[in-house]
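Structure record follows, encoded as structure tokens.
What follows draws every value from the coordinates through simple rules; no lab data is involved. Keep in mind the model is a prediction, meaning the values are calculated, not measured. Reconstructed Cβ throughout: ideal geometry from the backbone, glycine too, with neighbour counts over all protein chains shown.
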Amino acid sequence: MIVAEKIMPVNVSSTLDVERIRQDFPILRERIHGKPLVYLDNAATTQKPLFVIDAVHHYYRAQNANIHRGTHYLSQVATFEYEKARGKIRQFINAKDNKEIIFVRGTTEAINLVSSAYGRKFICAGDEIIISAMEHHSNIVPWQILCEQTGAVLRVVPMHQSGELIMEEYVKLLNEKTKLVSVVHISNALGTVNPVKEIIRLAHERNILVMLDAAQSIPHAPVDVRDLDCDFLVFSGHKMYGPTGVGVLYGKQQLLESMPPYHGGGDMIRTVSFEKTTYAELPNKFEAGTPNIAGGIGLGAAVDYINRIGIHKIAEYEAELMAYATEQLSAINKLKIIGTAKEKAGAISFVMENVHPHDTGTLLDLEGIAIRTGHHCAQPVMQFYGVPATSRASLSFYNTKEDIDALVKGLHKVMEVFK
Ligand code: 7TS
């Protein structure tokens, strides 16, 4: 058992009016097994504020029509609202142009889009793609499929026991065969915040493209694609207080223009004949078929909601909560935190001596406490630490110090059962 480093006590001084914020989330008033819900599974999906629920509701009640095709009033309203949402997202990540914002189903689809469309045109046998040791399966498997199809080779940046990438090894992997680096910004399994600006700078020095998986960073930290200078960035709406089934691929315009379409069908064409089809301009080229219109509009509302609170304030408050949770969990005997990077956000993984994480999760559930247990779709991370699974508590700005205290109390109960 590694004894966790002693950490200074932390005061969670409320930079946010969390009690007020909690009123915005109706589900937080639910009782689970007769107990008040303590929701600490935000890395899997966040809860939705009324503001987002209402936007989706309003769309279906008053605006529903298909987009980009109707001359009738409702179709124009729906198109306007959907495109307005695209603009909000562009602004939120500071992209240059709405053409660079492609609506997709989520992070997974966005990565598949790039690996497929970019990969089909630009990746050949012998080329190399770099990912990291802490990727979610959705940033591993699409690249493995591409490598199988093309004969390209997947390289993996290793990490230290702390869950920090070994940057010297990363530099050694970069070479003239490297076509693309695709790394996670914040790890869902460990909470590690990767030095993505440095990762991008080192790749760009060698003219190598970089894609960031921002699924876990977008709800927790400011993400500015022009400041980062990433070539692609992907995230899911449902992890940032928006609906499920919608997400975003950001790509630099020139790059997206150079890529062939991903899916073929309606809305992505300019002209079609049996002899030849020409494609629509960005972003439509990558948005074949009727999209998740309500989802897009709901995601726009989620961006408004986050902006109203302020992503910097969110980051500051969550950092305090994270420090408090780390301190409290570290104080539990026989509990070991997995992933001790200096820079962490969002999630804390841990294991407990003699207790399988699934038992921990089940017993906590009876207390109304929702955490995730398992491999977190990051089996290589589990293999690295030699554990079958971990328990993971993941935070949001609506969580409180009391939620952490409830978790700690619940964990003591679990220990009692397995004494
Ligand atoms: N990348 C990261 C870093 C993730 O955390 C996830 C989902 C994905 C990609 C895939 O996102 P999706 O919206 O396309 O499914 N992570 C988790 C999790 O940690 N628990 O449940 C889902």
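Table for the structure above
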read-out	value
Residue-span extension gain [LYS177 to LYS121] - 0.36 nm each, minus C-alpha spacing	18.6 nm
Segment 209-297: GluC sites (Glu not before Pro) in DSSP loop, at most 16 other beta carbons within 10 Å	GLU275, GLU281
Neighbourhood charge, 12 Å Cβ-Cβ cut-off, centred on LYS48 and excluding it, Lys, Arg +1 and Asp, Glu -1	-1
Net charge over other residues, Cβ less than 12 angstrom from the Cβ of ASP97 (K, R count +1; D, E count -1)	+3
Volume in Å³ per residue [convex hull over Cα atoms, computed for the chain]	144 Å³
Helix 73-93 axis, angle to the chain major axis (alpha carbon atoms, nearest 10°)	60 degrees
Helix 293-309 vs. the chain, principal-axis angle (Cα, 0 to 90°, nearest 10)	50 degrees
Distance (nanometres) between label positions extended 7 Å along Cα→Cβ at ASP304 and VAL141	3.6 nm
Cut-off under 5 Å, modelled amide H: who pairs with LYS35 long-range	none
Sparse-neighbourhood loop sites, trypsin sites (Lys or Arg not before Pro) in segment 234-320 - DSSP loop, at most 16 other Cβ within 10 angstrom	LYS276
Formal net charge of residues neighbouring SER138 (Cβ-Cβ distance under 15 Å; K, R +1; D, E -1)	-1
Folded to 0 to 90 degrees: helix 357-366 orientation relative to the chain principal axis, Cα	80 degrees
HN-Hα J in Hz across segment 313-322 - Karplus 6.51, -1.76, 1.60, θ = phi - 60°, x for Gly and Pro	5, 4, 4, 5, 5, 5, 5, 5, 5, 4
Relative packing of peptides 36-49, 18-31 - highest average C-beta neighbours within 10 Å first	36-49, 18-31
Efficiency of FRET from Cβ geometry, LEU255 and LYS276, R₀ 22 Å, rounded to 0.05	0.35
